[in-house]
Amino acid sequence: MRISISKAFWTVIMALIGILFILPFVWMLSTSFKSEADVFKFPIEWIPKHWNAIENFRTVWSGQFVRYYWNSIYITIATTVINVFVCALAAYGFSKLRFWGRDAMFVLVLALYMVPPQASLVPQFLLFNWMQLIDTHAGLILLNSFSIIGAFMLKQFFMGVHDEYIESGKMDGAGYFRTFWQIALPLIRPGVATYAILRFIWTWNDYQYPLIFLKSKELFTIQLGIRLFGDQYGDVYSLMMAGAVSAILPLLIIFAIGQKQVIEGISLGGVKG
Amino acid sequence: MKRTKNSVRLSMVARERIAGYLFVAPLMLGLLVLTLIPVIGSLLLSFTNWNFVAGMGAMKFAGFDNFVRLVHDSAFVKSLVNNLIFIITVPITMIIALVLAVLIDKHVYMKDAFKVIYFLPYISSIVAVAMVWQVLFHPSLGPVNKTLMSLGIDNPPKWLADIDFALPSLMMIQVWILLGYNIIIYIAGLQSIPKDLYEAAEIDGANAWVKFRSITLPCISPTTFFLLVTGIIGTFKIFDLIQVLTQGGPANSTTVIVYELYDTAFNQLKTGYASSMAMILFLICLLITGAQMLAQKKWVNY
């Protein structure tokens, strides 16, 4: 294979722009390893002269931080599982089952997609207040469990499944749920994985709902936690950056594993939120 | 014989119908309770003067008072204007993204690595990312201003703490966050353009610019349109970045509709008034979607 000069040239240019682009991340990581005295040294010490990484992360990871982390992990996993299941059920119903009013219902779902989430925020709060779901994890999980975009995406995948598979399930005497669970769902596993990864990322990063619906500090998620942390350690930037690194880390791991799925999922139809 | 067959078929249809309702029921119920009823609730509340803490008895019908007040509320008007200014980030992001997408798609090695690099800000948590920018933009100690000062600029702007620079700073961060998303969508659009179009143009002796202008641009116009519309709607929903970095300040210079709504509803506890803001937000999103439907036929060349 010949290396094209123009291609190599553009690769170098793009790499330079790319470095500039992720510089904030590099700075964050490098600062989280430094002792506080070196944070604002100029010119910037990209590779710290005095390593303070272990002490920084130990300080961050003592106290409440572990709790916030744990809260986020289990809320995110529970939300993702419930959300994917609810969306997959609806997607299957809308694409593979015939029933009266199906298309009308789907149009309603489409119409509701136009409603910005914040337009329903205040009555949602009043409703949850009345149902005593404010300041509970159950309430937070419930808020993120229903997604129109998820139903759209999974419906697209189900439409790619041939009806013969579904019919064969019926022939074998499997009920509707078993056909869905044991035949249709496994066939769209890559699609489910794509959506689940996106949902995980979106839920982990959710800030608005926890901010409004959680009051007690011990219930906080990591996003509220690092915010609080910022207030607490206000001027200790090395610790703040260690906190930020910790909050992003699970996303980087998930993204590293499912990078292809995430990018494919996003390209699929431009899904967002 | 025939009758039993018929009744079996009928019961199959009935069973499938029941199954269908059961499959869509969880999502439909969720949307009913968490979206449809609350939106109607917002509409009704927007005509009241009410603080929910005071209880149902304190609710007063106010007619269109809230909406009249909104027009004279300088903070709300400011937030609307800021939202409109924020729209500029959409075309800026799109233009940079298109250039980078063309380069990544055709002209570089290690495509996937570039996609990942530009996508990182989009998947990272906004709170964490905002904290990093807050320190980078620190007026006296931050690396950005230290660099500027070392380049000979004596009085660099105070960025997020500066009444004139706070909004542009936020807009810059917004572009940085959304660029990767736009690139990914554009690359998907570019890959759907048939290769033989370019080959035909090459036979006709078209240069790179002509090919870009008369093949690439028209062919990706649906993608452009999609990014433009979702991007504009997205700027009206912006909240996290503002709440973490500036809380609308300094002096309301960075407040946006959703931030005003949040502050009015949950800090000032003006439930009715906040609902009227929610309705304005809803109306704006509805108008943009309506305009999209009208414009789609005119603009998009397939």
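Coordinate-derived values only; no laboratory data. Here the structure is a predicted model, which means the values were calculated and not measured. Cβ: placed from backbone, ideal geometry, glycine included. Neighbour counts: every protein chain shown.
Convex hull volume of the C-alpha atoms in segment B:231-302, normalised per residue: 99 Å³. Largest GNM mean-square fluctuation across B:264, B:254, B:93, computed for chain B with C-alpha springs under 10 Å, falls on B:264.
In plain terms, the residue of B:107, B:138 with the fewest other Cβ atoms within 10 Å comes first and the most crowded comes last, giving B:107, B:138.
Structure shown: which of A:217/B:237; A:260/B:146; B:211/B:237; A:34/B:158; A:217/B:158; A:7/B:195 lie over 31 Å apart, alpha-carbon to alpha-carbon? As for pairs spanning more than 31 Å Cα to Cα, those are A:260/B:146; B:211/B:237; A:217/B:158. Cross-link partners for residue B:78 among the aspartates and glutamates, with Cα-Cα distance under 16 Å and sequence neighbours closer than 8 places in the same chain left out: B:164, B:260, B:263. P(r) tail, chain B: Cα-Cα pairs separated by more than 24 Å, 67% of all pairs. For chain A, the residue among A:267, A:137, A:88 whose Cα projects farthest onto the positive side of the dipole built from Cβ charges is A:267. Over segment A:83-222, calculate the relative contact order: mean separation of alpha carbon pairs under 8 Å at least 6 apart, over the residue count, as a percent. Relative CO of segment A:83-222 lands at 37 percent.
In terms of overall dimensions, segment A:26-66 has a Cα radius of gyration and Dmax of 10.9, 35 angstrom.
Remark on segment A:63-267: ratio of C-alpha radius of gyration to 2.2 N^0.38 Å is 1.19. Remark: relative contact order (chain A) = 29 percent; criterion is Cα-Cα distance under 8 angstrom and separation of 6 or more residues.
Per residue, the convex hull around the alpha carbon atoms of segment A:205-244 comes to 65 Å³.
A Cβ-based charge dipole, computed about the Cα centre of the protein assembly as shown with Lys and Arg at +1 and Asp and Glu at -1, lands at about 1620 debye.
Each of B:197, B:29, B:98 was scored by other Cβ atoms within 10 Å of its Cβ. Listed from fewest to most, they are B:29, B:197, B:98. Equivalent-ellipsoid semi-axes for segment B:98-241 (Cα gyration tensor, √(5λ), whole Å, largest first): 37, 18, 15.
For chain B, a Gaussian network of Cα nodes joined below 10 Å ranks B:170, B:148, B:45 by mean-square fluctuation, and the top entry is B:148. Database remark: amide H of residue A:34 closer than 5 angstrom to the amide H of A:52 (H placed geometrically; neighbours at sequence offset of 5 or more, or on other chains; Pro and chain starts carry no H). Net charge dipole, chain B: roughly 1440 debye, given to the nearest 20, about the Cα centre with Cβ charges of +1 for Lys and Arg and -1 for Asp and Glu.
Set the Förster distance to 60 Å, then compute FRET efficiency between residue A:168 and residue B:148 from the Cβ-Cβ distance, nearest 0.05. Approximately 0.30, to the nearest 0.05.
Among the trypsin sites (Lys or Arg not before Pro) in segment A:91-150, those placed in a DSSP loop whose Cβ has at most 14 other Cβ atoms within 10 Å are A:98.
Backbone phi angles across segment B:204-220, fed through the Karplus curve with coefficients 6.51, -1.76 and 1.60 (θ = phi - 60°), yield HN-Hα couplings of 6, x, 6, 8, 4, 5, 4, 4, 5, 6, 9, 10, 4, 4, x, 5, 9 Hz in residue order; Gly and Pro are listed as x. For segment B:2-65, a simple Cβ point-charge model (Lys and Arg +1, Asp and Glu -1, everything else neutral) yields a dipole of about 820 debye relative to the Cα centre. The fraction of Cα-Cα pairs per 10 angstrom bin, counted from 0 for the protein assembly as shown, comes to 3, 15, 24, 26, 19, 9, 3, 1, 0, 0 percent, rounded to whole percents.
For segment B:72-299, the residue among B:265, B:293, B:163 whose Cα projects farthest onto the positive side of the dipole built from Cβ charges is B:293. The mean sequence distance of close C-alpha pairs (under 8 Å, at least 6 residues apart), as a share of the length of chain B, puts its relative contact order at 28 percent.
Counting only complete DSSP H runs, which helices of chain B cover 20 Å or more along their long axis at the Cα atoms and score a mean Kyte-Doolittle of 0.0 or above? Could the numbers behind the result be given before it?
On the way: long enough: B:2-31 (43 Å, 0.31); B:89-106 (26 Å, 2.06); B:166-191 (38 Å, 1.55); B:221-236 (23 Å, 1.45); B:271-299 (41 Å, 1.03).
For chain B, where a helix must reach 20 Å along its axis and average at least 0.0, the hits are B:2-31, B:89-106, B:166-191, B:221-236, B:271-299.
Scanning chain A for DSSP H helices at least 18 Å long along the axis (C-alpha atoms) with a Kyte-Doolittle mean no lower than -0.5 picks out A:5-32, A:65-96, A:189-205, A:237-267. If you take all other residues with their beta carbon under 15 Å from the beta carbon of residue A:126, and give Lys and Arg +1 and Asp and Glu -1, the sum is 0.
3J(HN,Hα) along segment A:43-51, derived from phi through the Karplus expression 6.51 cos²θ - 1.76 cosθ + 1.60 where θ = phi - 60°, amounts to x, 4, 7, 5, 10, x, 7, 10, 7 Hz, with x in place of Gly and Pro.
For segment B:2-65, the calculated P(r) over all alpha carbon pairs, in 10 Å bins from 0 to the bin holding the longest distance, is 18, 23, 18, 15, 13, 9, 4 percent. Applying Stokes-Einstein at 37 °C and 0.692 mPa s to the Kirkwood radius of segment B:22-160, computed over alpha-carbon pairs, gives a translational diffusion coefficient of 155 µm² s⁻¹.
Using the Cα centre of chain B as origin and beta-carbon charges of +1 (Lys, Arg) and -1 (Asp, Glu), tell me which of B:251, B:22, B:147 is placed farthest towards the positive end of the dipole. Ranked along the dipole, the leading option is B:22.
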